[in-house]
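Presented below is the structure to which this report refers.
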Amino acid sequence: MKFRRILSLGILALGLAVSGSGCGIFESSEEEDKNPFYRSLDGSEKINVKDPAGESGNASITGGGPGEEALLNAPGASQEGTGLSNTYDNFGTPIPGVTFETVYFRFDQSRIESTETGKLDAIANYLKNNPGTGVVIEGNCDVRGSEEYNRALGERRALTAQEYLLELGIAPSRIKTLSYGKEKLVALGNTEEDHMKNRRDDFVAVKLLHP
């Protein structure tokens, strides 16, 4: 009698243990519930986007790390963009000694921040005062995310800057846009500061081949 009671209690305890450990088998994993455009801030998640045609829109991710405003407002933050060719597909040749300030973006965004518009105003003023010149806009992203997604995001960043210049009266024939995605990193680390430096538009002043 005592043996049967002990055996029954043992079977009951075993059943409860199996039930408790097995419930997770039937639950959806966290990975399955995530949006396909999900990108974690620490870069630990990977993107698996099956439809590149849908990647040109903004993902539903916003924000940016601490210190981003300081980077956006950095007075000495200027770079000379570098193209893959000296003629930019028969558009123009880079003008030595002329550099434009880099425009930076928040995480996963293509909107021009109010702190960055002055840089685009300066580019427009240069073009207005120098007939026969143009500008190449190179959109870039940080290292996180798929190549396809970042190529599309870089394109949107370049096109947003182009739209701003068009509104200031610059002719479309004087602007060329390119997207390098995450191919042209200026900071090779994996800190948030490195990512902020890579989320940018570079601008190259060119002498137009066909003014």
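The values are calculated or read from the model by the stated rules, or taken from the named source; none is laboratory data. Here the structure is a predicted model, which is why all the values come from computation and not from measurement. Heads up, the Cβs are rebuilt from the backbone with ideal geometry, glycines too, and the neighbour counts pull from every protein chain shown. The area values use the complete protein model at the heavy-atom level, side chains included, leaving out ligands, DNA and RNA. Shrake-Rupley method; radii C 1.70, N 1.55, O 1.52, S 1.80 Å.
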- Task: Order the peptides 147-153, 100-106 from the highest to the lowest mean number of other Cβ atoms within 10 Å of their residues.
- Result: 100-106, 147-153
- Task: Of the listed pairs LYS128/LYS184; LYS119/LYS197; LYS128/LYS207; LYS176/LYS207; LYS119/LYS184, which have alpha-carbon separations greater than 19 Å here?
- Result: LYS128/LYS184; LYS119/LYS184
- Given the convex hull of the Cα atoms of region 102-197, what is a quarter of its surface area in nm²? 6.1
- Message: How much length would be gained if the chain were fully extended between LYS207 and VAL98, taking 0.36 nm per residue of separation minus their Cα-Cα distance, in nm to one decimal?
- Response: 38.2 nm
- Using amide H atoms built 1.01 Å from N in the peptide plane, name the residues 5+ places from THR177, or on other chains, whose amide H lies under 5 Å from its own. ILE137
- Query: How high is the FRET efficiency between GLU167 and THR191 when r is their beta carbon distance and R₀ equals 35 Å, given to the nearest 0.05?
  - Reply: 0.50
- Task: Could you estimate the translational diffusion coefficient of region 88-148 from the Stokes-Einstein equation, with Rh from the Kirkwood formula over C-alpha pairs, at 4 °C and 1.567 mPa s, in whole µm²/s?
- Result: 93
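From largest accessible area down, sort PHE203, PHE91; use a 1.4 Å probe on the protein chains. Provide the component values of the computation, followed by the final result.
Numbers: PHE203 5, PHE91 30 Å².
Most to least solvent-accessible, the answer reads PHE91, PHE203.
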